[in-house]
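Heads up, the thing below is written out as structure tokens.
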Amino acid sequence: MWSNLRSANDRVSRRTVLSAIGAGLFASSAGCVHPLPPPQGVLIQKGIFGEHNDRRVPVLKAGNNEIKIEIEDKVLQSEFPRSNETANTTVSPSLHNRLKRKYDDVHYYAQVRRLNGHGPLVETNSGEKPRQPAVGGTPRYLLSREIFGKLLSGDRIEYTLAMFDSQRISAVTLIIREGVVRKKFPEADTPGNVPSYRITVDHGEGPDGAPFLQTYYASEEVYNNATVDDKTYFEVIFENRVKPTIRSLSPDPYGSL
């Protein structure tokens, strides 16, 4: 089943290669080449704050090393927490506009425990947690509403910083998530190119003490390889906006890249 595994040290994602090439080209314009891997980290919290009369006002916090959400604004109290996305909080354009009418500006952020970027996000031969030491503390980065909605506390991410703003994430190029497979749903009719198999994953205890469950679409191959009650790491992609999709399962989450 896993006969195509390669050494984790030899495996480099296409995105890592392209990012290193881009960094090398940028550095070469200054007369030297220093290709760098893209930054990697573990998401420990995401949140929203507003600006009003030159003051920052907390609006929402999700995560903080636990599956929980803290709502500090009345506009959101009727919206959250939603039972199907306890900490994977998404903000619709209409809800964002309601916040914009209340504040001078609205900002989304992610707090990341940075990891040494020289290595995979997961030790893929064993499926263990990353062994890279934390580097550079736990900075907070600004990001777009769309990226904010894709991330879940505990995600291991590879990301790109804005070229002229080192405090802003311009793109998240890889999301590795962990959980326990609880249910598998066979093929069903789905529109367009949406994968037709589904897998429900347990991400731990939610704020009400019940399991925090998320259901993902999956290909037939991923569906067949998933084992109920097994803890696994998997890559999450957002090729459609209906639900996120599991691209691959550990112990080789880089295998399809």
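Would you mind putting 37-47, 69-79 in packing order, based on average other-beta-carbon counts within 10 Å, highest first?
Details: 37-47: 22.4, 69-79: 15.3.
Those peptides, ordered most packed to least, come out 37-47, 69-79.
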19 Å Cα-Cα reach of LYS183 towards lysines, excluding residues that sit fewer than 8 places from it in its own chain: LYS231, LYS243
Can you list the residues, at least 5 places off or on another chain, whose amide H is less than 5 Å from the amide H of LEU115, using H built in the peptide plane? GLN40, GLY41, VAL42, VAL135
How about LYS100: which lysines have a C-alpha closer than 24 Å to its C-alpha, ignoring those fewer than 8 places off in the same chain? LYS46, LYS61, LYS74, LYS150
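No lab work stands behind these numbers, since they all come straight from the coordinates. This structure is a prediction, so every number in the text was calculated from the model and none was measured. Every residue, glycine as well, gets a Cβ built from its backbone with ideal geometry; the counts of neighbours run over all protein chains shown.
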